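Would you mind keeping the following structure in view while I ask a few things?
The values are calculated or read from the model by the stated rules, or taken from the named source; none is laboratory data. What you see is a predicted model; the values in this text were computed from it and never measured. All Cβ positions, even for glycine, are placed from backbone atoms using ideal geometry, and neighbour counts span all protein chains on display. Protein only, heavy atoms only, side chains kept; ligands, DNA and RNA dropped before computing areas. Shrake-Rupley method; radii C 1.70, N 1.55, O 1.52, S 1.80 Å.
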Amino acid sequence: MSAAALLATTLLLASGQADPGGVTVVDGVEVIGDPMDYRLRVTLAGADRAGAMVLSSDPAMWCGDARFNNTPGPFRQCWLRGFRGEPIVLTAQNEGQFGRDWTVEWTGCQPLADGRSCSAEIAGEMQVGATFRRGG
């Protein structure tokens, strides 16, 4: 459904006013900004353990290798939706100690000081990559 059709349907339901020809007339409505949301996809490489995941808390996402989809734990969804300009922080987790047992390399986002996390600002459809490496 197009954004215009969705807006028209929403306004029709909210106002309850429609003429028999299917046209809804609403006075005094002004739409400002970019109401579209965009998808940020995360790809993983080297995630050879069920515990190797990339997380986001707001909006929530738990991304792990599809080979472990039937492993007990959270559903491994490797995308999230956000609005243009919305900052997103992604954090890698894995079994063992970060820096000693494993590290992560980020593409498509800015690594943060802790090395396990990166930050991206939604700027349209995007992709971020996380490559897990054994050892520090």
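What's the extension gain from residue 36 to residue 133 if we count 0.36 nm per residue and subtract their Cα-Cα distance?
Details: separation 97, 0.36 × 97 = 34.92 nm, distance 3.58 nm.
Gain on extension, residue 36 to residue 133, equals 31.3 nm.
Give the accessible area for residue 27 in Å² (nearest 10); use a 1.4 Å probe, count only protein heavy atoms, and leave out ligands, DNA and RNA.
Looks like 140 Å² after rounding.
So, in nm, how far is label residue 43 from label residue 70 when the simple model puts each one 7 Å beyond its Cα toward the Cβ?
About 2.7 nm separates the two model spin labels.
Quote to one decimal, in nm, the extra length available between residue 83 and residue 57 on full extension: 0.36 nm per residue of separation minus the C-alpha distance between them. Mind dumping the intermediate values first?
Values: separation 26, 0.36 × 26 = 9.36 nm, distance 1.52 nm.
The residue 83-residue 57 span can extend by a further 7.8 nm.
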